[in-house]
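Please read the structure below before turning to the comments.
The values are calculated or read from the model by the stated rules, or taken from the named source; none is laboratory data. As the structure is a prediction and not an experimental result, all values here were calculated from the model. Cβ placement follows ideal geometry from the backbone for every residue including glycine, while neighbour counts extend to all protein chains displayed.
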Amino acid sequence: MSNTEKNQATRCGFVALIGAPNSGKSTITNHFTGSKVSIVSPKVQTTRSIVKGIGIIENSQIIFLDTPGIFNPKRRLDRAMVASAWGGVNDADITVLVVDSQKGLTEEVENIIKHLKENNLATILVLNKIDLVSKEKLLQLGATLNKEYSFQETFFISALTGKNIDEFYRYLAEKLPESPWYYPEEQMSDMPLKLLAAEIVREKLFLYLQQELPYMLTVEPELWERREDGSIRAEMTIYVQRDSQKIIILGRQGRMIKKIGQTARKEIEELLEERVHLFLYVKVRENWLDDPARYSSWGLDYNA
Ligand SMILES: Nc1nc2c(ncn2[C@@H]2O[C@H](COP(=O)(O)OP(=O)(O)O)[C@@H](O)[C@H]2O)c(=O)[nH]1
Ligand SMILES: [Mg+2]
């Protein structure tokens, strides 16, 4: 391996990104890998379980754990997602709290800090979305948050424009423990391609559907097959809870599902650099939200 030839110790470890929904955790993860490994949406709570974003800076391999947002859980699925986010912290070498600078110290952030205090968790603070606020407001927020909790370090970044973000990565790279790399050099995620493709379909459902509907559905890859001409045939089923939801997803004369399928297919093709034939089916399965098998397939704990 080239890095050992340089006679330099390698470093490797996990960095958990925690924070309120919508603070930019998935955007940071994607920026780092230079690719899309985690889906992003302006709506809250898109990331359902922990997604890994893997990349290398100098001699360090950083594995970001992009967690579901931490908020006040109501449903079983919410509870499982929040439990999974805190579980990510237990697995991590470094914990990073990501805060939306525009929203500042919200109740959600306060609750997270309370948990950090109770468990005395060494944490780095990242104020994200600095492109949206003034310098004065930023510095003030940084000071306020550091009064609330003694963070090890504070970074001011924009995951969208990339401002100051390399500094943050380099800091993490130096802080990780000496260790062989856990993943091959070119690996960006440990998510199987067919799951990543299903996540992209779910992202488009978030993009095009109104209101609460995307939270009521799940996308499951059924078939992922390479054909003789090198293209991929992918079949997925979108499970919903009620007929009325199915009707909305199909749209008038099937136009909605067609638009979702086309947009998702283009993006999957760009990601894979392969031709993709994508087939989407919509089925009603009333109880999928309470089906233990769904939870384990996402790596979530049904009984959280
Ligand atoms: N203006 C701005 N928007 C951002 C930035 N980072 C993320 N966003 C947007 O904030 C929304 C939520 O981002 P996402 O990464 O899904 O947040 P998550 O829920 O914490 O994973 C998306 O619409 C992003 O495009 C940033 O630095 N600046
Ligand atoms: Mg996310």
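Report, by residue number, each residue of region 65-99 that is closer than 18 Å to Ile39 by Cβ and at pLDDT 95 or above.
Val98
Among the residues of region 110-156, count how many are touching a residue at least 12 places away in the same chain (Cβ under 8 Å) and either more than 16 Å from ligand 2 (Cβ to nearest atom) or not assigned by TED's automatic domain parsing to the domain that holds Thr33 (or both).
Residues that pass the stated criteria total 31.
Pick from region 82-115 the residues that are of a type in the set (D, E, K, R) and not in a helix (DSSP H, G or I): which of them is surrounded by the fewest Cβ atoms within 10 Å (Cβ to Cβ)? Please lay out each step first, then the result.
Here is the first cut: in region 82-115, the ones of a type in the set (D, E, K, R) are 91, 93, 100, 103, 107-108, 110, 114.
Then keep just the ones that are not in a helix (DSSP H, G or I); that gives 93, 100, 103.
Values: Asp93: 18, Asp100: 20, Lys103: 16.
Restricting to residues being of a type in the set (D, E, K, R) and not in a helix (DSSP H, G or I), the top hit is Lys103.
Out of the residues in region 163-199 that are among the polar types (S, T, N, Q) and touching a residue at least 40 places away in the same chain (Cβ under 8 Å), which is surrounded by the fewest Cβ atoms within 10 Å (Cβ to Cβ)?
Across region 163-199, the extreme among qualifying residues is Ser179.
A quick yes/no check of all residues on (1) among the hydroxyl-bearing types (Ser, Thr, Tyr); (2) within 21 Å of the chain's Cα centre (by Cα):
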{"site": "Arg202", "(1), (2)": "no, yes"}
{"site": "Tyr208", "(1), (2)": "yes, yes"}
{"site": "Met216", "(1), (2)": "no, yes"}
{"site": "Leu223", "(1), (2)": "no, no"}
{"site": "Arg226", "(1), (2)": "no, no"}
{"site": "Ile232", "(1), (2)": "no, no"}
{"site": "Thr237", "(1), (2)": "yes, no"}
{"site": "Lys246", "(1), (2)": "no, no"}
{"site": "Leu250", "(1), (2)": "no, no"}
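Which of the residues spanning region 1-39 are modelled with pLDDT of 85 or more, more than 16 Å from ligand 2 (Cβ to nearest atom) and of a type outside the set (Gly, Ala, Ser)? So that I can check it myself, show each step before the final result.
In the first step, residues of region 1-39 are kept if they are modelled with pLDDT of 85 or more; the result is 9-33.
Okay, now just the ones that are also more than 16 Å from ligand 2 (Cβ to nearest atom), so 9-14.
Thr10, Arg11, Cys12, Phe14 - these are the residues of region 1-39 that are modelled with pLDDT of 85 or more, more than 16 Å from ligand 2 (Cβ to nearest atom) and of a type outside the set (Gly, Ala, Ser).
For region 71-81, give me the residue count where each residue is surrounded by fewer than 18 Cβ atoms within 10 Å (Cβ to Cβ) and part of a helix (DSSP H, G or I).
Residues meeting the conditions: 3.
Tell me yes or no: at least one residue of region 100-108 is within 14 Å of ligand 2 (Cβ to nearest atom) and either of a type in the set (A, V, I, L, M) or at pLDDT 95 or above (or both).
Yes, that holds for at least one residue.
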